[in-house]
Amino acid sequence: MQLITLALPLVLLAASPILPTPQAAPPAPVAPAPQAQGGSFTIDDVHSSALFRVQHFHAGQFWGRFNTIAGTFTLAQDPAKMAFDVSIDTESVDSGNPKLDGHLKSPDFFNAKEFPKMTFKSTGCTKNADGTFALTGDLTIRGVTKSMTATLEVTGWGFDMGRGARAGAEARFKINRSDFGVSYGVDNGALGNETTVIVGLEGTAA
């Protein structure tokens, strides 16, 4: 009986599963602080887009977008040092309807074959009371260049562990499209003249 009593704990110990000793998880990599003071960025066209809106037959608001955007932008604490150089492929216009896209690329609208690019180059920037910026620059559409001012908002700063610092900005402005030779549908009221434009940019540190 004494041998059985002594052997029982050993049998139970042998039958018990051996659990691994818990180990602390390795510390997560610490990302460098975003470049909140500013910097120069190359536009990431996968995460950027340009939208436009125009009234259709005095009823609904028709939206379209451009999918291919390139260029650079610089953000700074001093607004005078902020700069934007943006190029948009007119061939990338996208309404969600292939037949309509073909019309938008035609000479009636953007004339993509003759004018494959629309561009904006900033010429100055000041800060507004609400924290946004008044960004002035030269907008070129269909070979016509005019000075205009957009309301610019810096949308955020981030860090991509694969590609480094990122920043975003969004510009909003209105133009009369007929000023740039895009007047189809204005005279008969089929399409409005005033066009709202929203350009959302995200860039990686240059």
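The values are calculated or read from the model by the stated rules, or taken from the named source; none is laboratory data. Source: prediction; values computed, not measured. Glycine gets a Cβ as well: all are built from the backbone with ideal geometry, and neighbour counts include every protein chain shown.
Residues that are more than 18 Å from Glu114 (Cα to Cα) and part of a helix (DSSP H, G or I) within region 91-100 comprise Pro98, Lys99, Leu100, listed in sequence order. If only residues of region 141-152 that are assigned to a strand (DSSP E or B) and small (Gly, Ala, Ser) are counted, the one that is surrounded by the most Cβ atoms within 10 Å (Cβ to Cβ) is Ala150.
Please state which one of Asp187, Asp138, Asp130 is part of a strand (DSSP E or B), among the charged types (D, E, K, R) and surrounded by fewer than 14 Cβ atoms within 10 Å (Cβ to Cβ). So that I can check it myself, show each step before the final result.
Numbers: Asp187 fails: part of a strand (DSSP E or B); Asp130 fails: part of a strand (DSSP E or B).
Answer to the selection: Asp138.
Go through the residues of region 73-90 one by one and say whether even a single one is in a helix (DSSP H, G or I) and either farther than 17 Å from Gly137 by Cβ or in contact (Cβ under 8 Å) with a residue 60 or more places away in the chain (or both).
Residues of region 73-90 in a helix (DSSP H, G or I): 79-81, 90.
From the residues that got through so far, the ones that are either farther than 17 Å from Gly137 by Cβ or in contact (Cβ under 8 Å) with a residue 60 or more places away in the chain (or both) too are 90.
Yes, the conditions are met somewhere in region 73-90.
For region 96-149, the set of residues classified as farther than 19 Å from Thr195 by Cα and of a type in the set (Asp, Glu) consists of Glu114, Asp130, listed by residue number.
When Val30 is tested against (1) at pLDDT 50 or above; (2) closer than 26 Å to Gly168 by Cα; (3) loosely packed, with under 10 Cβ neighbours inside 10 Å, exactly one condition is not met: (1). The one condition from (1) touching a residue at least 40 places away in the same chain (Cβ under 8 Å); (2) surrounded by 15 or more Cβ atoms within 10 Å (Cβ to Cβ); (3) under 26 Å from Phe41 (Cβ atoms) that Val54 does not meet is (3). All of (1) surrounded by fewer than 17 Cβ atoms within 10 Å (Cβ to Cβ); (2) more than 17 Å from Ala50 (Cα to Cα); (3) of a type outside the set (Gly, Ala, Ser) hold for Arg172 with one exception: (2).
In region 153-165, which residues are in contact with a Pro (Cβ under 8 Å, 6 or more places away or on another chain) and assigned to a strand (DSSP E or B)? Residues satisfying the conditions are Trp157, Gly158, Phe159, Ala165. Given the structure, is Ala165 modelled with pLDDT under 95 and surrounded by 19 or more Cβ atoms within 10 Å (Cβ to Cβ)? Yes: the conditions hold for Ala165.
Suppose we filter region 62-77 for residues that are more than 28 Å from Glu114 (Cα to Cα), more than 16 Å from the chain's Cα centre (by Cα) and either at pLDDT 95 or above or aliphatic (A, V, I, L, M) (or both); how many remain?
First pass over region 62-77, keeping only residues more than 28 Å from Glu114 (Cα to Cα): 74-77.
Next, only the ones that are more than 16 Å from the chain's Cα centre (by Cα) stay: 76-77.
Within this subset, residues satisfying the condition of being either at pLDDT 95 or above or aliphatic (A, V, I, L, M) (or both) are 76.
The qualifying residues number 1.
Determine whether Thr155 is touching a strand residue (DSSP E or B) at 6+ places or on another chain (Cβ under 9 Å), surrounded by fewer than 17 Cβ atoms within 10 Å (Cβ to Cβ), of a type in the set (Ser, Thr, Tyr) and more than 27 Å from Ser106 (Cβ to Cβ). The answer is yes for Thr155. Considering only residues in region 190-206 that are farther than 16 Å from Phe52 by Cα and part of a strand (DSSP E or B), the one that is farthest from the chain's Cα centre (by Cα) turns out to be Ala205. For region 113-127, the tally of residues that are in a loop (DSSP other than H, G, I, E, B) and over 17 Å from Val86 (Cβ atoms) stands at 2.
Can you tell me which residues in region 141-192 are without any contact (Cβ under 8 Å) to a residue 12 or more places away in the chain and under 24 Å from Glu91 (Cβ atoms)?
Filtering region 141-192 for residues without any contact (Cβ under 8 Å) to a residue 12 or more places away in the chain gives 145, 162, 183, 185-188.
Thr145, Ser183, Gly185, Val186 - these are the residues of region 141-192 that are without any contact (Cβ under 8 Å) to a residue 12 or more places away in the chain and under 24 Å from Glu91 (Cβ atoms).
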